[in-house]
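A.B. asks: Dropping a structure here in structure tokens format, bear with me for questions.
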Amino acid sequence: KQEVTQIPAALSVPEGENLVLNCSFTDSAIYNLQWFRQDPGKGLTSLLLIQSSQREQTSGRLNASLDKSSGRSTLYIAASQPGDSATYLCAVASGGYNKLIFGAGTRLAVHP
Amino acid sequence: EPEVTQTPSHQVTQMGQEVILRCVPISNHLYFYWYRQILGQKVEFLVSFYNNEISEKSEIFDDQFSVERPDGSNFTLKIRSTKLEDSAMYFCASNGVLYNEQFFGPGTRLTVL
């Protein structure tokens, strides 16, 4: 059974720092991995999708990498800003019709 | 930019009542999903739907739950007889091509009293 773990659970940093959020999954047979942002009480905003055949994806200050064989992905946030404060969720699509299995998230706080 | 919409944003109901949560997926998408998130817990998959039938469902999705695409735009989740433990945020999602990016709606917060 696929399980997704995210480390750390929470992170508090000063503005301007470069950050790395980690995601690991137990079954390497995945179709893709998706990173989301969730603001308190809100929906999920898709940030990046990495297909299983890809190694990384970039969008602005965000870069996500995927090492399928070791069951790991990292989300790199460059030059963090207070507006980046949110919970970041990692989800993998494995088995069946693309159902996503989510990690518990990393709660990020960026202070001025 | 196209987006997934959900109504209502918040629904309060009494235990044992039926509720219908509504979603309008992105218009040219073919694959539809419901997920839920109990407060403080992970987002959990409930059901996926394609070509007017359920393609996969989780253990959570028991006989109390049903989904329907009543017309060309809406996608609904019905809970027949709500329980206290059904209180959660329910998210609808869709994608146009299998194994591509899933787009999520803003969610419906269901509170069962």
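A.B. asks: Under a 1.4 Å probe, what is the accessible area of chain B per residue, stated in Å²?
C.D. replies: Counting only protein heavy atoms, the per-residue value for chain B is 51 Å².
A.B. asks: Shifting gears a bit: Per residue of A:28-41, how many C-beta atoms from partner chains lie within 10 Å of its own C-beta, taken as a mean? Please report the intermediate quantities before stating the final value.
C.D. replies: Numbers: counts 0, 0, 1, 3, 4, 0, 3, 0, 3, 0, 6, 0, 0, 5.
For this peptide, the per-residue mean of nearby foreign Cβ atoms is 2.
A.B. asks: Determine the gain in length on full extension of the stretch B:Asp63-B:Leu39; use 0.36 nm per residue of separation and subtract their C-alpha separation, reporting nm with one decimal.
C.D. replies: Working: separation 24, 0.36 × 24 = 8.64 nm, distance 2.32 nm.
Residue separation times 0.36 nm, minus the Cα-Cα distance, leaves 6.3 nm.
A.B. asks: Taking the highest mean first, how do the peptides B:79-90, A:31-42 order by number of other beta carbon atoms within 10 angstrom per residue?
C.D. replies: Final packing ranking: A:31-42, B:79-90.
A.B. asks: At a 1.4 Å probe radius, carbon and sulfur cover how many percent of the accessible area of the protein assembly as shown?
C.D. replies: In the protein assembly as shown, the share of accessible area belonging to carbon and sulfur is 48 percent.
A.B. asks: Express as a percent, rounded to the nearest 5, the fraction of DSSP beta bridges in chain B (both residues included) that run antiparallel. Could the numbers behind the result be given before it?
C.D. replies: Details: 35 of 39 bridges.
For chain B, the DSSP antiparallel bridge percentage is about 90.
A.B. asks: Averaged per residue, what accessible area in Å² does chain A show with a 1.4 Å probe, protein chains only?
C.D. replies: Working: 5110 Å² over 112 residues.
Solvent-accessible surface per residue comes out at 46 Å².
A.B. asks: Taking the Cβ of A:Gly16 as the centre, find all other residues whose Cβ is under 12 Å away and add up their charges (Lys, Arg: +1; Asp, Glu: -1).
C.D. replies: Summing Lys/Arg as +1 and Asp/Glu as -1 gives -2.
A.B. asks: I've got another one for you. Once you charge only the Cβ atoms, +1 for Lys and Arg and -1 for Asp and Glu, what is the size of the charge dipole of chain A about its Cα centre, to the nearest 20 debye?
C.D. replies: The calculated dipole for chain A is roughly 260 debye.
A.B. asks: Give me the percent relative contact order of chain B, please, defined on Cα pairs under 8 angstrom at least 6 residues apart.
C.D. replies: 38 percent
A.B. asks: Can you give the Rg/Rh ratio of segment B:39-113, where Rg is from the C-alpha atoms and Rh is the Kirkwood radius?
C.D. replies: We get a ratio of 0.94 for segment B:39-113.
A.B. asks: What average number of partner chain Cβ atoms lie no more than 10 Å from the Cβ of the residues making up A:10-16?
C.D. replies: For this peptide, the per-residue mean of nearby foreign Cβ atoms is 0.
A.B. asks: Karplus couplings for segment A:10-19 from phi (6.51 cos²θ - 1.76 cosθ + 1.60, θ = phi - 60°), rounded to Hz, Gly and Pro as x?
C.D. replies: 8, 8, 10, 9, x, 3, x, 6, 8, 10
A.B. asks: Same structure, new question: Which whole-number percent is the relative contact order of chain A (Cα, under 8 Å, 6+ apart)?
C.D. replies: It comes to 37 percent, rounded to a whole number.
A.B. asks: Other chains near A:47-55: what is the mean number of their Cβ atoms within 10 Å of each residue's Cβ? Numbers along the way, then the final one.
C.D. replies: Details: counts 1, 1, 5, 0, 3, 1, 0, 0, 0.
Neighbouring Cβ atoms belonging to other protein chains average 1 per residue here.
A.B. asks: Which residues of segment A:83-112 show a drop of at least 30 Å² in accessible area when all protein chains are present, compared with their chain alone (probe radius 1.4 Å, heavy atoms only, ligands and nucleic acids excluded)?
C.D. replies: Listed in order, they are A:Tyr97, A:Asn98, A:Lys99, A:Leu100, A:Phe102.
A.B. asks: Just the number, please: buried accessible area between B and A, total of both chains, 1.4 angstrom probe, nearest 100 square angstrom.
C.D. replies: Result for this pair: about 1900 Å² buried.
The values are calculated or read from the model by the stated rules, or taken from the named source; none is laboratory data. Because the structure is a prediction, the values reported are computed rather than measured. When we count neighbours, we look across all protein chains shown, and the Cβ atoms used for this are built from the backbone with ideal geometry, even at glycine. Each accessible area value is taken on the protein alone, full model and side chains, heavy atoms only, with ligands, DNA and RNA left out. Shrake-Rupley method; radii C 1.70, N 1.55, O 1.52, S 1.80 Å.
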